[in-house]
1. What's the number of the only condition in (1) on the phi < 0 side of the Ramachandran plot; (2) assigned to a loop (DSSP other than H, G, I, E, B) that Gly186 fails to meet?
2. If you check Val153, Val146, Val110, which single one turns out to be under 29 Å from the mean Cα position of the chain (by Cα) and more than 22 Å from Ala376 (Cα to Cα)?
3. What is the residue count in the stretch 192-210 for residues that are polar (S, T, N, Q) and either touching a strand residue (DSSP E or B) at 6+ places or on another chain (Cβ under 9 Å) or surrounded by fewer than 18 Cβ atoms within 10 Å (Cβ to Cβ) (or both)?
4. Take Ala347 and tell me if it is in a helix (DSSP H, G or I), closer than 24 Å to Ala493 by Cβ and among the small types (Gly, Ala, Ser).
5. It is to be established whether one or more residues within the stretch 343-358 are over 29 Å from the mean Cα position of the chain (by Cα) and within 20 Å of Ser159 (Cβ to Cβ).
6. Return only the number of the condition from (1) in contact with a strand residue (DSSP E or B) (Cβ under 9 Å, 6 or more places away or on another chain); (2) at pLDDT 95 or above; (3) of a type in the set (A, V, I, L, M) that Met476 does not satisfy.
7. Would you confirm whether or not the stretch 350-358 contains a residue that is acidic (Asp, Glu), in the same structural domain as Thr158 (by TED's automatic domain parsing) and without any contact (Cβ under 8 Å) to a residue 40 or more places away in the chain?
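The values are calculated or read from the model by the stated rules, or taken from the named source; none is laboratory data. Values in this document were obtained by computation on a predicted structure and should not be read as measured data. When we count neighbours, we look across all protein chains shown, and the Cβ atoms used for this are built from the backbone with ideal geometry, even at glycine.
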Amino acid sequence: MPLDDASIARVRPFCSDVEKDVFALFGLPEEVIAVLFAYYSRSKDDLRSNLAKLLAQEELDVSHLEAAARAGGGSVAEQKARAFHEKWVVGYGHASVAEHACVHLAVERVSILCAKAIEDLRLASYTEKSTRYVQFSTDSFVTPPVLGGELRVLHERTSRELFEAYLGLFPKTEAALATRIPRGEGQSEKGYASAIHAQACDLLRGLLPAGTRTNLGITANARSLAMLLCKMLASPLAEVRDVAGAMHEASKAVSPTLVKYVEKDAHRASVRDVLATKLREAIAPPPAPRPDRNHVRFVAGDSSLTALRQVAIALAYEHASGVDAAGLAQAIAGVDEPTLAGIVAEALSLRGRFDQAPRAFEASKLTAELVLDYGAFRDLQRHRMLTQQVLRLGADLGAEVPAELEALGVAGEFKRALDRAGAAWRTIAKEAPDAAQYVVPLAYRVRTLWTLDLRELVHVVELRSARQGHQSYRRMAHELMAIAEERYPWLAAHVRVDRTPVHALARSEK
């Protein structure tokens, strides 16, 4: 309904426009924004009218919100928002309200292992300290609180030794790189030094232990954040549980009601032990995995023709009318493979450099197992549109030593540091297998199972094969591409894979 002049004056500071149907909100507490959106489902009035009503009950002076929060009260508008949430979120299970409140958290000085637990949440955005741009400082590691006595001493000594080897190899590695990689034409001295340093970071990051302290920023809606915190509270790692508590307290300063009901996910905490017992009863022990080089191995998926038909059905369904899926499937079953491949080619023919494949390519999925160094896993975990399951980190699968270090003459020191850390892991893992992960360097391999649709396959290969990427995940992208070429040749022909050698200089800064 039209607003009177007084109401317009009240809402103007918080709306990008007071007349248009599309406008932005700003300068309001997250809970107030969430309740305003929630009113859409319960109120006949428009958002600006409801906002004007809230503001009329008390002048919502945002400059005083911080002081009010410290005093433990908050404005009338905030209190009404919280009362509304108690009724609709708690009383009626209207949890989607919480998706409209956005929480930004800074999480600092946590281990890389803890960061991976946080970043397992799909519906969030993250920015983390990079092992490729930043040279980490000595003694910057987390010691698991469960470790005591000799195991604690062993963990801390090994972690310090890894940092000493990591930092000690930088001057040698950078000097050796400078003799092999000429300065580019038009490249400044500073840009050249930065490129050499970035390459050294790429080559040496494998010495950083998984317990290395890192920083990350998180943006998530309150509902997703609450789900993450419940999951983190069920973690076997004490650090992850402690950080979950700290994140919960911090998020309550922004959205106290919407993250109020956070508790340990009892189902998640118990299913691991229950399932392990059932699996032992039902399945014979599989052969022990052998150490192996980084690889991607196909596990399961549709045949080439089945996948092609499913994608063709989805494409036709999206662009047809007056049809049903069963009829389309019957019609397409009679179409020969070259014709179907032509339809796919047409769907991809006008795809620009930054365009994704059509959503219809999500109609078929495959499962593959990746054996890769933990540093590369740390990068690839960011692909949250696919399903990832990862085994506990250890040293049994061996480590990935960059071939470039051999050529530069520094691989010996690198390997000796890894061997010492591997021996320490074996000792600690006998008593504390979860905590032992903290001492494992990023160069050691881990197994992870990926289930991804063909649309995401195209995205991963094209993004992660790019020459500026790290050599480890570029190899993964190339091997995923090999699977696509073998199993889905009709799709592989349209994937823009960068096949430049993986040992090319990772940075080319001006």
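1. All conditions pass for Gly186, except number (1).
2. Only one candidate qualifies: Val146.
3. Matching residues across the stretch 192-210 total 1.
4. Yes; evaluated as a whole, the condition is true for this residue.
5. No.
6. Failed condition: (2).
7. Taking every residue of the stretch 350-358 in turn, none turns out to be acidic (Asp, Glu), in the same structural domain as Thr158 (by TED's automatic domain parsing) and without any contact (Cβ under 8 Å) to a residue 40 or more places away in the chain.
Yes/no per residue for (1) of a type in the set (Lys, Arg); (2) modelled with pLDDT of 95 or more; (3) closer than 27 Å to Thr214 by Cβ:
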{"site": "Trp425", "(1), (2), (3)": "no, yes, yes"}
{"site": "Glu431", "(1), (2), (3)": "no, yes, yes"}
{"site": "Pro441", "(1), (2), (3)": "no, yes, yes"}
{"site": "Ser465", "(1), (2), (3)": "no, no, yes"}
{"site": "Ala484", "(1), (2), (3)": "no, no, no"}
{"site": "Ala493", "(1), (2), (3)": "no, no, no"}
{"site": "Lys510", "(1), (2), (3)": "yes, no, no"}
